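The values are calculated or read from the model by the stated rules, or taken from the named source; none is laboratory data. Since the model is a prediction, treat every value here as computed from it, not as a measurement. Backbone-built Cβ (ideal geometry, glycine too); neighbour counts: all protein chains shown. For the accessible areas, the whole protein counts, side chains as well, though only heavy atoms, and no ligand, DNA or RNA atoms are used. Shrake-Rupley method; radii C 1.70, N 1.55, O 1.52, S 1.80 Å.
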Amino acid sequence: MAIREIRELGDEVLTKKCKEVTKMTLRTKILINDMLDTMYEAMGVGLAAPQVGILKRIVTIDVGEGPIILINPEIVETSGEQTGEEGCLSVPGKAGLVTRPNYVKVKALNEDMEEIELEGEGLLARAFCHELDHLDGKMYVELVEGGLHDMEPYEEEV
Ligand code: NI
């Protein structure tokens, strides 16, 4: 268990495309556990590996329903639309309005490198989109409508 340093906007590592995970190793298992620890400690609902400086296609998410670990995730279906406040652990204290699909289905590998499919609506759908964007070096700030503002205490960072 270890908390890793969260990289912030302006760090080049957040602009890079991440590499697929081809096999599960001890090093990757440790990374995943550290990502969960780091995400919970920062009270975020999601974290992508590049946010701790590792260019691998791994994300962790917990929207209050338990931890989700996605390896090499891909969006396979979306529908609807939601516009709401979004934040990011790499842009501390800030938030902005972003429009995302309201329903997202992802396929990925789990920690045992088995194929899984997950569906999310609302915040989970938003978290899927936000975290998967990180794996391609994209930040939500590029999608914000009307500029960033200081985060309200109740808002969550993904
Ligand atoms: Ni983020």
**Request:** Report whether or not Gly137 is closer than 26 Å to Asp11 by Cα, surrounded by fewer than 16 Cβ atoms within 10 Å (Cβ to Cβ), at pLDDT 95 or above and not hydrophobic (A, V, I, L, M, F, W, C).
**Result:** yes
**Item:** Some residue of segment 63-79 being crowded, with 19+ Cβ neighbours inside 10 Å and in a helix (DSSP H, G or I)
**Value:** no
**Prompt:** Name the strands (runs of 3 or more DSSP E) wholly within segment 87-158 that hold at least 2 residues that are of a type in the set (D, E, K, R) and within 17 Å of Ile68 (Cα to Cα)?
**Reply:** 103-109, 115-121
**Request:** Tell me which residues, restricted to segment 80-95, are over 16 Å from the mean Cα position of the chain (by Cα) and either open to solvent by less than 20 Å² (accessible area, probe 1.4 Å) or away from the ligand (no atom under 14 Å from the Cβ) (or both).
**Result:** Gly80, Glu81, Gln82, Thr83, Gly84
**Request:** With the condition kept exactly as written, say whether any residue in segment 25-40 is of a type in the set (D, E, K, R), closer than 17 Å to Glu131 by Cα and either assigned to a helix (DSSP H, G or I) or at pLDDT below 95 (or both).
**Result:** yes
**Request:** State yes or no: is Glu131 open to solvent by less than 20 Å² (accessible area, probe 1.4 Å), within 11 Å of the ligand (Cβ to nearest atom), among the charged types (D, E, K, R) and in contact with a Pro (Cβ under 9 Å, 6 or more places away or on another chain)?
**Result:** yes
**Request:** Quick one: Arg100 ticks every box in (1) open to solvent by 30 Å² or more (accessible area, probe 1.4 Å); (2) touching a Cys at 6+ places or on another chain (Cβ under 8 Å); (3) within 24 Å of Leu148 (Cα to Cα) except a single one, so which number is it?
**Result:** (1)
**Asked** Does segment 105-124 contain at least one residue that is within 17 Å of Leu143 (Cα to Cα), under 16 Å from the mean Cα position of the chain (by Cα) and open to solvent by less than 50 Å² (accessible area, probe 1.4 Å)?
**Response** no
